[in-house]
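Down below is the structure, laid out as structure tokens.
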Amino acid sequence: MNKNKRNSSRRVLPGFGISLGYTVMYLSLIVLLPLSAAFIETAGMGLEGFWNAVTRPRVLAALKLSFGLSLIAAFVNSVAGLLVAWVLARYQFPGRKLVDAAIDLPFALPTAVAGIALTAVYAPNGWLGAPLADIGIKIAFAPPGILIALMFVGLPFAVRTVQPVLENLDSELEEASAMLGASRLTTFRRVILPVLLPSVLTGFAMCFARGVGEYGSVVFISGNMPMKTEIAPLLIVTELEQYDFHAATAIAVVMLLLSFSVLFIINMLQAWSNRRTGHSRA
Amino acid sequence: MSLSAINISKHFGRTCALDKVNLEVKSGQLVALLGPSGSGKTTLLRILAGLDYPDGDGEGRLLFQGRDVMDLPARERGVGMVFQHYALFRNMNVFDNIAFGMTVLKRRERPSSNAIRDRVMELLAKVHLQGLEKRMPHQLSGGQRQRVALARAVAIRPQILLLDEPFGALDAKVRKELRRWLRTFQEEEKLTTVFVTHDQEEALELADEVVVMNNARVEQSGSPQEVYDHPASPFVIEFLGNVNRLKRGRVQPDGSVTSLYVRPHDIQICKHLQGHTLEARVLHVFSAGSVGRVTLEYLESGEMLEAEVPRSEVDSMHLASGQTVGLRFRHIRIFTRKGETSTQELIEVPYEHEA
């Protein structure tokens, strides 16, 4: 047996070469190829045309709305999702299984259905919308409505990423902290949260990504007023409907780059906190 | 600080984990709670720590130096605890783990960062881990983690130290070393210490007092010598050390049950049959060790016996499988149990008297 062979046979799963090749090819075919089409399409516009297309006030407003609200929704969901995951992982109560199953509903529901349902509830004549309208709070057809839709579709990500980690978290750690005199808040802040942070960040990233790309549930509740409640994906569709392919792909490219940067930063944060909690292989 | 637990009962649902258990620990003593899994020893330890509470029947009392501490939460009891799997904070390095108990104090009570540093360094020296303060827990061996856990527990200067199966997850050699080290450490610090173990050898070697637990009750407590030499029940004799249970003990005509036990080292092997000796055949001889362990077949009943004889005797008698030898029991222990009552009497007789 030659040296190379012995080296490669030390891995648990054989065929590193083949599997890496497969990974790269699959990723190219499914993810990179369609995305590069967007870049190639915009390349024909020239730099100035591209710049003019994406700096129109309407485009900037839509991008700001989409990214801003997605970040807020991801943040709110990360906090609320952590609480939900905590309750599901730590407590036994009647109906726990039902609640657990209900968390996944936003995954399964067609987003248009979610949009219609949310609009029905929050519209100025809906169950919740009417009393809120009376005290001057407008939800549907305003940014808060979009935020609620994004929170709705993102919640499962926030819960499902944290829940398994919480379930595996040894309760001995909390007990050890208590025995050393730490209050509950200190225990949470210094012992539990650092361990959960990587998975909370994963949940945040997924919520955010879902929020940026969300279309179906938002179009019904947002009212789609340019400069006010028009989200970027909708603007792309609008441009397409007017056969302005260049403008549409230009917006798409900006969304891609922005999303990629945010996700990349979150990934880096995760790697950093992983290193701190001793998960890394090094 | 002395510790007494009085009438502690604990049920988990319908199962009884502790049934009116009493425990007395004198100040500065090292006490072992010894028992098989499910005997309630860990539950008792957790109640001492304040991590579990006894049944709310108002009967159980827990006193530290005469003061009732049952209503104090774990973090206010001033008790150090070492967990079975150490429970080191994996997001903190060794230094921060050990300093944790001091850094969570209220600002008024918290030592200065220099004082904390000095204390951590002093403890690191004590547990022989100088220079490792920057390591993360996952970069340490099992024995090192265990010592970090111990240093962390005593860093807050507790009056009482509790250890849950402290050496359970370590290999035999490290376990022996740490055991000796813990003993010296405990004596230096004069810490009242209670530790849980299922390893009888560990309990007998380490503790000032051994509390043998079984089925949610304390079977017997006393010095290692006492519980080993004068076991109070068949359970204790079977759990502590090797023992041969003789088939001759059985139900007597009056309904009482007797059990006969003889320790391997109380069996004397004679080369030839004479007087009161019993006839046996040698099945195996294991002589790789400080004593020779001989497996014998007792010919009258066909039962197997384990005997321990000095190596010199094994060699001088040329013991080998298949040989027929004579046996003499130096000590035999008889337990009698009448009817349903579980009172057990112990009669110790040299075998000659009984024969």
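The values are calculated or read from the model by the stated rules, or taken from the named source; none is laboratory data. Remember, it's a predicted structure, so these values are computed and weren't measured experimentally. Reconstructed Cβ throughout: ideal geometry from the backbone, glycine too, with neighbour counts over all protein chains shown. Calculation scope for accessible area: heavy atoms of the full protein, side chains included, ligands and nucleic acids excluded. Shrake-Rupley method; radii C 1.70, N 1.55, O 1.52, S 1.80 Å.
Counting only protein heavy atoms and using a 1.4 Å probe, the accessible area of residue A:244 comes to about 60 Å². Charges at C-beta only: +1 for Lys and Arg, -1 for Asp and Glu. How large is the resulting dipole of the stretch A:1-125 about its Cα centre, in Debye rounded to 20? With only Lys, Arg, Asp and Glu charged at Cβ, the dipole is about 780 debye.
Size descriptors for chain B (Cα atoms only): Rg and Dmax, in that order, 24.6, 80 Å. Modelled spin labels at residue B:300 and residue B:109, positioned 7 Å past Cα toward Cβ, are 6.7 nm from each other.
Computed from phi, the 3J(HN,Hα) profile of the stretch B:311-322 under the Karplus parametrisation 6.51, -1.76, 1.60 (θ = phi - 60°) reads 4, 4, 5, 4, 6, 6, 8, 6, 4, 8, 4, x Hz, with x in place of Gly and Pro.
Remark: the residue A:227-residue A:185 segment gains 10.8 nm on full extension, using 0.36 nm per residue and subtracting the alpha carbon distance.
Sort the stretch B:69-109 into rounded, prolate or oblate with this rule: let a ≥ b ≥ c be the square roots of the eigenvalues of the Cα gyration tensor; rounded if a/c is under 1.5, and if a/c is not under 1.5, prolate when a/b is larger than b/c, oblate otherwise. The shape class here is oblate. Using the Cβ of residue A:206 as centre and a radius below 15 Å, the other residues enclosed give a net charge of 0, where K and R count +1 and D and E count -1. With every protein chain in place and a 1.4 angstrom probe, the accessible-area ranking of B:147, A:90, largest first, reads A:90, B:147.
Between the beta carbons of residue B:284 and residue B:226, assuming R0 = 51 Å, the FRET efficiency works out to 0.95 to the nearest 0.05. About its Cα centre, chain A has a charge dipole of approximately 1180 debye under the convention of +1 per Lys or Arg Cβ and -1 per Asp or Glu Cβ, with nothing else charged. Given H placed 1.01 Å from N in the peptide plane, which residues other than close sequence neighbours of residue B:299 have an amide H under 5 Å from its amide H? Answer set, sorted by chain and number: B:279, B:280, B:281. Between B:106, B:20, B:41, the residue with the greatest mean-square fluctuation in the GNM of chain B (Cα pairs under 10 Å linked by springs) is B:106. Annotation for the B:A interface, with buried accessible surface near 2200 Å², both sides summed [1.4 Å probe; non-protein components not counted]. Here the Karplus relation 6.51 cos²θ - 1.76 cosθ + 1.60, evaluated at θ = phi - 60°, turns the backbone of the stretch A:15-32 into coupling constants of x, 4, x, 5, 5, 5, x, 4, 4, 4, 5, 4, 4, 4, 5, 8, 9, 6 Hz, with x for every Gly and Pro.
Ordered from longest to shortest, the equivalent ellipsoid semi-axes for the protein assembly as shown are 69, 30, 25 Å, each the square root of 5 times a Cα gyration tensor eigenvalue.
Sequentially through the stretch A:208-225, phi angles give Karplus couplings (6.51, -1.76, 1.60; θ = phi - 60°) of 4, 4, 5, x, 5, x, 5, 9, x, 6, 7, 4, 6, 8, 7, x, 6, 8 Hz, Gly and Pro residues having no value and appearing as x.
Charges were assigned to the Cβ only: +1 to each Lys and Arg, -1 to each Asp and Glu. The resulting dipole of the protein assembly as shown about its Cα centre is roughly 1820 debye.
For residue B:220, the amide hydrogen comes within under 5 Å of the amide hydrogens of B:212, counting only partners 5 or more places away or on other chains and with H modelled in the peptide plane.
Residue by residue along B:85-97, Cβ atoms of other protein chains within 10 Å of the local Cβ number 5 on average. In the stretch A:56-281, the alpha-carbon atoms span a convex hull of 157 Å³ per residue.
For residue B:160, the residues whose modelled amide H falls within less than 5 Å of its own, excluding neighbours fewer than 5 places apart on the same chain, are B:80. Highest-first packing order for the peptide set A:150-163, A:116-129, A:20-33, A:198-211 is A:150-163, A:198-211, A:116-129, A:20-33, based on the mean count of other beta carbon atoms within 10 Å.
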